[in-house]
Structure formats: C-alpha cells, structure tokens
1. For chain A, give the magnitude of the charge dipole about the Cα centre (Cβ charges: +1 Lys/Arg, -1 Asp/Glu; no others), in debye to the nearest 20.
2. Counting DSSP beta bridges in the protein assembly as shown, what percent are antiparallel, to the nearest 5?
3. How many Å² of accessible area per residue for chain A, probe 1.4 Å?
4. Given a 1.4 Å probe, how much area per residue of chain B is accessible, in Å²?
5. Buried accessible area between B and A (1.4 Å probe, both chains summed, ligands and nucleic acids excluded), in Å² to the nearest 100?
6. Determine the dipole magnitude for the protein assembly as shown: charges of +1 sit on the beta-carbon of Lys and Arg, -1 on that of Asp and Glu, nothing else is charged, the reference point is the Cα centre, and the result goes in debye to the nearest 20.
7. Between the chain alone and the structure with every protein chain in place, find the residues of segment B:254-285 that drop at least 50 Å² of accessible area; heavy atoms, 1.4 Å probe.
8. Select from segment B:170-193 all residues whose loss of accessible area on going from the chain by itself to the full protein assembly reaches 40 Å² or more (probe 1.4 Å).
Amino acid sequence: MTSAAASDPPLLEAREVHKHFPVGQRTLLGRYTEVLRAVDGVSLEVRPGETLGLVGETGCGKSTLARCLTRLYDITAGEVWFEGRDISRLGRREMRPLRREMQMIFQDPYGSLNPRRRVGSVIGDAFAIHNIDDGEGRKRRVKELMERVGLNPEHYNRFPAEFSGGQRQRIGVARALALRPRMIMCDEPVSALDVSIQAQVLNLLVDLQRDFDLTYVFITHDLSVVRHVSDRIAVMYLGKIVETAPTQQIFSTPRHPYTRALLSALPPADPDSADSRERIVLAGDMPSPVDPPSGCRFHTRCPKARPDCVADVPPLEPVLDDRLEHLTACFHPLRPGEDLTASRPQIEETVLDEVPEERP
Amino acid sequence: MALLEVKDLSVSFATDDGVVRAVREMSFELDRGKTLGIVGESGSGKSVCTQTITGLTRGAEVHGEAWFDGIELIGAPSRVLRTIRGVRIGMIFQDPLSSLHPAYKVGWQITELIHAHDTLISRRRARARAAELLGLVGIPRAADRLDDYPHQFSGGMRQRVMIAMAMALNPDLLIADEPTTALDVTVQAQVLTVMRRLQEEFGTAIVLITHDLGVVAEMADDVVVMYAGKIMEKASRRDIFYRYHNPYTEGLFKSLPGQLPTRARLQSIAGSPPSLINLPTGCPFRPRCPYAFDRCVEDPPLVQVYSGLQHSACWLPRDLQERERARVTRLAEEEPA
C-alpha cells in the first residue's frame, strides 16, 4: 500500500474535460437538436500508487468520465494527461502502447466476456494483440495469471458460463492485469456480486495493488466499498465534481450538501446508528443532463440553496479553513456539526418536502 | 395470533438437471404492523418463499403450511387466492418497470386495479382514489401525473407507483421483494421513508426481502437469515446484529466493507454457495464454515433456541469464546497437512 505524497507528479490528470453527446431529433441538415452534457468540465489528478474513488449516483457521468480518461471515448473539450503528456488528441496507433498501461474492469462480468470463447483465449487476447510470446509461452502466462487471481489454471479451456459471478469477475481482473498496467480503471467491479463474494474480490484487488504497484480509479455508487478501498474520493453530480478530499475527510467533514445527503442516505448495517442517525431525504430526482440547472447544478434539490447558487457556478476550491487537498464547489459549504435537516432553501423554485405531512 | 405463520415450508422444482431444492423446512411468524426482514444472497430461496405463499410458484412441489389470518394459503384454490393476493397481501418487486404495463397510463392501471376488486365504485371515484394514492407515496402533482405512462417516471417514482398500487386496497401485509435494490441511495432513502410512513399510518405488516444489511438494520423488527434454502438464524433485529450466533451470519457481517480501516483485509467467506441440486450433507454452510467439525458433516443441525426469539441452525456452542477455541483447535489440526 503506497500512499503517494502530494508532491508526486500525477500519473493521470484531467483538465476541464467535457464530453457531450448529441441527442434529440435531427434537423434537415442532419444535426442533432440537443446536447447531453454527460461530463461537463471535470479536472482531477490521480497520483501513482493511490486509489481515487469516484462516487455518484446513476447518470452523474462517472462511467463516461472513466471512458474519457482511458480514451475509450474521444473527449469534446479539455485535456487528459497521462505520464506527463497530453493524450487527448492521440490517434489509434499512438494510443496503442499506452493501452498497455491503462486497463479497465467492468461491472457486468456476464456482459463483458464473450460467451463463445474459452477463458484462456479471452485472457490471452492481450498477449496476442501486443505480440507477446506465442503458443506455449502465452498459455503459461495465462495460467500464471489465472492462478494469481484465484482461478484454477486447469479451467483454461472452460467457457465463461461455467464460472460463477465472482469467478467471472476474476477473469475480468486477470485480463486487465495481463499486460502489467500501471493503472486500472475499475467501473463498479463488485456491484453485481453478493456480499461474501464481493469481499473476496475486494481483497484480491487490494492484494494486487500492493504486489504490482497499481494505481486505481475506482468508480462506484457504493459508499462503503469506496471508503474501504480509496485514498481520496471525488463526488460527482450531474457531470461535475462537487467535492474531492482524502477519504477520511469526506466522511468526517463533508462540505458539500450533496455529499452530506449522499452519506446520510446510506443505511448503516447497525441498528443503533440506524435509529439515531441524521436523515436528509433529498427531494426529487437528478435533473436531466440535457438541460442542467443554471448555476450550481444541485440547487434544485439543495436545502441550503440561495439566490447566488442559481445565478453563478461555484468553483471547485478549498472552502472555510480547508487545505488544498479538500476542494468543494459550493457557495454555502457546511460547517462541522451544522444541521442540514433544519435548512430550507431560500429560492422560489425548490419544493423540498414532497411527502405530504397531512394525510387523509 | 400472528398475521402470517409459515410452518415447515419446503419448495422444490423439478428441472432437467435434477430437483432444485429452493426452500427447506422454513418457519417464521409475523405480527400485524411489524416488519420481518429476510436476508440472504442470490439463490438462498428468500424470494421463492414469499412467491410460494402467494401462489406464484406454479409447478413447484410444495410441502408445509402458511397461515394468513387464519386462512391456509398452501394448496388454496385460486378462487380463494384471488381474494387475498393483491387485495389483502400487496406486493412490490425489484424492477418496477417490468411490473407496470408500458402501454397504459399509470392512472388507468391503478383505477383498473381498484375497479377489479370493487365493481361498485364509480370510475370517477376510483380515479380520485388513484390520485390520492399517488399523493400518499409522495409523487408531486399526483393528479396531473395520472395521465403519464410508466416510462415518463424516474426509477424512484416508478417504485412509488408500485407501492401506491400495492397499498391501493389497504392490504394487511405488504411483501416487498428487494424494493430498493435497483435504486440509488438517495432515492432508496426516499422510498424507505414512504414505506415507513405508510406502515405507521395503516398498520401494515411488511415482509422485506433484501440482501442489504443496512436496509434491514433500518427497517426490520425481526430478521431471518437464509442460506441455500434454509433458515440459518432468526432473531430480533438487535440480536441478529449484536448477538448473532450462526457462523454464516457472522461471515455476512465480517464481509461488509466500510467498517475497517482502508484496505484492511475483509474476512470474506471462502468459496461459493452450493448448488441447490447437489446439496452437501449435513449443514449446507459446512463447506465454507471456518468452525465446521465432524458432526456438521454427518447431521443437519437442529435449530437451537436461545434466549427469546433467537434461533440458530448450528451445532456450535452458544458461548463465543468456546467457539473461538473450537476454531483454533481445528486450525491447529489442519496445520500439518
């Protein structure tokens, strides 16, 4: 477990990354009428050897951001720097050597494996593509990998359907690990797994990080998982990062009302704290990224919304007495001990309490 | 008398590969106004149990009894089940989109449901009731949304529509099968709040099926922990969380991330659940259990009754220290091999 010093140059850096998708109807000229702003101006750094947790709810753009960072998507605007150079405009051929360095693990171990191919050849693909070894040598490497991730190497010739969910995720891990990457982008790697199996895979990922000096970007909606694996956490809402800080600080002193609401929504597996905890029930749903709210995007649901939140976009910067490592995009950040449930928005358009108090 | 009393319920399905024994000798009770949490991993039989009670497992071989307010549900003719299912027992499922008809307006679907069970009610009144129900579960501008189709609602709102439909006929019992699993945490918090408020108001009993121990800690009065079709442990919420006895329950808790320091080793349960066609002899959890000893292989454990309501299907002594000694001895014996 190498926790990188803040002074290390970042391994991966996003600078004002935007990813917009054209949606809606086509005009006569073949142009789309609307734009979906999946990622809208994200800057972040990932330092060598660390795990950055990327948290957010469905539709916040976290997976799109991951695909932008690994160049699976071309980005609309901004820059992505990897190992000290801008990779955001590199072509296919120039990207190829870099693909060895950055790999991905996906959520769905069923959907990300071709059911008609034997696992040995699925894992061996990476070697084939990069012309590493051949025949027996390649097979030996695959078997070593299988052993390393806790699969029985004798199952080399089996099909994905013959493995359980947890084992299939191990296949995904082996495939990502094959080329000894420096960084692995883990997109909800344990979300589809039962809790006992989830723990096995988390342990495996932690072991591999230590043994191979890996850097992880860990994308998940599960706050307890992200707390377990991450050194730092970035919280996303509707295409933007609203807060980023070392894990401990996110949980102890969340500054952004959304972060606080997200933390309070997680039911603890503990009756005492479940009975006594603060519950902030956010009103409504996340707005559409096609037509995001003006100013701070959270203002339509925020208990602390004020007129300036509607008018201006809050910058991501240290607030109150925070240090440089803790950034928050909020004009009215939370102070420790502040009771968010007592706050009421002071703008017109927000309706907070939508469960009627009076009942027939 | 308990509202729902299930006794020695066993359910099996004949398949081409053999007989799948989905639920075995399951017994529990649920009182009016209370919530029973049924916890277990995929394939533990937690959904099959409630589906059998409501007569939704056609073709299954079922043994045992399930008494709902003095009526035996197992083997009841469908004429009787129709007066109970959806009327006195409401149901909500994980995926609200597949439970709603995509081509009919939400208001029509609720009105139709009310009408099907109360033919005397006028269309107009049924529609007013539908709007009232949507308001009750916290859907803003409920009356305007009656004319929307299911796809025009978000996931959380759809689940509220499902709850509204399940509650439409004032059921005594609500069976909620993973109601928030497909939802984000902030939306989950909204839906759980709605369920709690409805329960307080109408005194509805809830069977809450989930794999999420956090949801159980928040909602349940009593908890049943299932593994491979069997009840492993059954106790009040506090006993399950603070004084659990069964090694499987222990394994579930120790697998949970977020309680230990960053990257500390989680005590996962080794291996994976057994096939329900080829169950191990003795205790089903035995092949993965760190405490297992000879007797666990030979005999299926009898349910041991501890203080109050706590039951555990395990041969281990109650005393935790004694149990730890048993484990250490076993590890020491294995060492040379």
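The values are calculated or read from the model by the stated rules, or taken from the named source; none is laboratory data. Not measured: the values here are computed from a predicted model. FYI the Cβ positions are ideal-geometry reconstructions off the backbone, even for glycines, and counts take in every protein chain you see. Quick note on the areas: whole protein, heavy atoms, side chains included, nothing else; ligands and nucleic acids left out. Shrake-Rupley method; radii C 1.70, N 1.55, O 1.52, S 1.80 Å.
1. Details: 47 positive and 52 negative charges, 354 e Å.
Dipole about the Cα centre, nearest 20: 1700 debye.
2. Values: 56 of 93 bridges.
Percentage antiparallel, nearest 5: 60.
3. On the way: 16120 Å² over 360 residues.
For chain A, the solvent-accessible area averages 45 Å² per residue.
4. Values: 14860 Å² over 337 residues.
Using a 1.4 Å probe on heavy atoms only, each residue of chain B averages 44 Å².
5. Details: alone 17040 and 18280 Å², together 30980 Å².
In total, this chain pair buries about 4300 Å².
6. Working: 86 positive and 93 negative charges, 324 e Å.
Dipole magnitude for the protein assembly as shown comes out near 1560 debye.
7. Listed in order, they are B:Pro257, B:Gly258, B:Thr262, B:Arg263, B:Arg265, B:Leu266.
8. The answer is B:Asp184, B:Val185, B:Thr186, B:Gln190.
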